[in-house]
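Worksheet: the structure to be examined is printed underneath.
Read-outs: derived from the displayed coordinates by stated rules, not from any lab. Predicted, not measured: the structure shown is a model, and the values here were computed from it. Neighbour counts are summed over all protein chains in view; Cβ atoms, including those assigned to glycine, are modelled from backbone coordinates with ideal geometry.
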């Protein structure tokens, strides 16, 4: 697989409600909204952050059909074998893997060591 690595790190922010989550939506943001758990990953230059380290984004550079099985398991397995914790975000077309920015290079090395390609890309979405 080919991955695009976003050059800008992200920050994980917990939001109190959907309205505050909406107010932080910017290009390149990832949002999760479940009852009682609203959070968003925003590019660090957007200073609306209260918690969390920087996170690096690796995006699969391909459309993955919704019925495909095992893609996230393969990637998270490679990262787990390298002792790297990961947040997985699945979209309609592809998957995103976020690791602590301090683990960016080891994650890149794990993906390449697993036979994948990693291209640096200015946008992750």
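So if R0 is 22 Å, what FRET efficiency would residue 25 and residue 64 give, r being the distance between their Cβ atoms, rounded to the nearest 0.05? Approximately 0.40, to the nearest 0.05. Measuring r between the beta carbons of residue 82 and residue 7 and using R0 = 30 Å, the FRET efficiency lands at 0.90. If R0 is taken as 41 Å, the Cβ-Cβ distance between residue 121 and residue 16 corresponds to a FRET efficiency of 0.80.
Taking the fewest neighbouring Cβ atoms within 10 Å as the starting point, the ordered list for 120, 7, 69 is 69, 120, 7.
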